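S.K.: Mind having a look at this structure? Questions to follow.
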Ligand code: H2U
Ligand code: ZN
């Protein structure tokens, strides 16, 4: 069953994002202009396997003078310029008498995670067994930080176009005593769906996407990658498990292996789309709440968002400006067209 009215393949319409609880404007008629075809091949930037000036390479000295060990797999260290501090007193709040000048303190930690010692690789170049080590670190750090914090954000910012400061393959892990905006909205909406239908929202969603099969771009026995029905970025994707799981640290051995495998597979698709190491911001959303506090997580399903900025080629990016900033996000190429292009490559 595909719920999309036929008119909405041709005519302007809005689509609802049930996770965030907001809308995106879709303008398919504008994308009917023939594809401008200019897929400029980026002259692949040659990077050395080791760069003596890189602050993430094994054995090198970081900005603060700390030296990285000669690591051979993954490597995790506390961010030298952390945005959140473990020493903050989190109990300070503005007086409740003011509705207009509210502030509250937040305590947290920030870590940097090098995926590989190889300066010239990215996740899809790594062996599945080595991506699995990244998955294990994500899981272990989630488990550790959820002892102390309400929220753990695993993320990767990739590519200079995304403001990433260093091409060495790495991600970040931030933990905080407060629940940030995006997961707070997902918590609200998944809970409301659970209360209304007695089912897991993303569980229902993944089943229906698989049944319809139009926006699925990769899958294995455990995982599915779709261009979500409500995608905002041209080639945005959502990585979903086909089984019940609320948090990264709950994944079992074979689910971690199949996750590493699908990451390699679909990030390879991204890289082939415009013949460029595909830039994006990606991150994991698992159920919030400290472990051991008995939070109900039945409404939540672990998932990862991939938000790539590219629109038409390695150099033409989508800008979220104008109408997007002042009214709501808008896209031309439909999620179905984006999925078809990703499936082609
Ligand atoms: P990007 O992923 O956005 O490039 O950020 C890399 C992080 O690495 C950034 O948060 C940290 C920066 O604070 N960093 C260190 O912790 N030590 C350094 O020596 C340089 C950069
Ligand atoms: Zn490096």
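S.K.: So for segment 156-276, considering every pair of alpha-carbon atoms, how many percent are separated by more than 21 Å?
M.R.: For segment 156-276, the fraction of Cα-Cα distances above 21 Å is 52 percent.
S.K.: Then there is this: Shape of segment 124-167 from its Cα gyration tensor (a ≥ b ≥ c, root eigenvalues): rounded if a/c is under 1.5, otherwise prolate when a/b > b/c, or oblate?
M.R.: Note, shape of segment 124-167 comes out oblate.
S.K.: Order by neighbour count: 239, 56, fewest other Cβ atoms within 10 Å first, most last.
M.R.: By the 10 Å Cβ count, ascending: 239, 56.
S.K.: Please compute the length gained on full extension between residue 14 and residue 172, using 0.36 nm multiplied by the number of residues separating them and subtracting their Cα-Cα distance.
M.R.: The residue 14-residue 172 span can extend by a further 53.5 nm.
S.K.: Express the relative contact order of the chain as a whole percentage, based on alpha carbon pairs under 8 Å and six or more residues apart in sequence.
M.R.: Relative contact order for the chain comes out at 22 percent.
S.K.: Still on this structure: Arranged by the count of other C-beta atoms within 10 angstrom, fewest first, what order do 305, 168, 111 take?
M.R.: The order, fewest Cβ neighbours first, is 111, 305, 168.
S.K.: OK, next. Work out the FRET efficiency for residue 97 and residue 160 from their Cβ-Cβ distance, taking R0 = 51 Å, and round it to the nearest 0.05.
M.R.: Efficiency, from the Cβ-Cβ distance: 0.65.
S.K.: Using Cα-Cα distances under 8 Å and only pairs 6 or more residues apart, what relative contact order does segment 225-345 have, in percent?
M.R.: Reported relative contact order: 39 percent.
S.K.: Based on DSSP, what percent of beta bridges with both residues in the chain are antiparallel, to the nearest 5?
M.R.: 95 percent
S.K.: So how do 212, 57, 114 line up by other beta-carbon neighbours within 10 Å, fewest first?
M.R.: Fewest to most other Cβ atoms nearby, the residues stand as 212, 57, 114.
S.K.: Here is a follow-up. Kindly list the residues of segment 151-172 that lie in the label zone of residue 90, defined by a backbone N under 17 Å from the point 7 Å along the Cα-to-C-beta vector.
M.R.: Only 151-154 pass the distance filter.
S.K.: Something else about it: Normalise the Cα radius of gyration of segment 241-345 by 2.2 N^0.38 Å (N = residues in it) and let me know the number.
M.R.: 1.33
S.K.: Please give the peptides 309-320, 187-198 ranked by average Cβ packing (other Cβ atoms within 10 Å per residue), highest first, as a rough proxy for protection.
M.R.: The most tightly packed comes first, giving 309-320, 187-198.
S.K.: Further, regarding this structure: Would you mind calculating the relative contact order of segment 118-176 from Cα pairs under 8 angstrom and at least 6 residues apart, reporting the percent as a whole number?
M.R.: Contact order relative to length: 42 percent.
Read-outs throughout are calculated quantities, based only on the coordinates presented, and are distinct from any laboratory measurement. Given the structure is predicted, the values throughout are model-derived calculations rather than measurements. Here the Cβ is made from the backbone with ideal geometry for all residues, glycine too, and neighbour counts use every protein chain on show.
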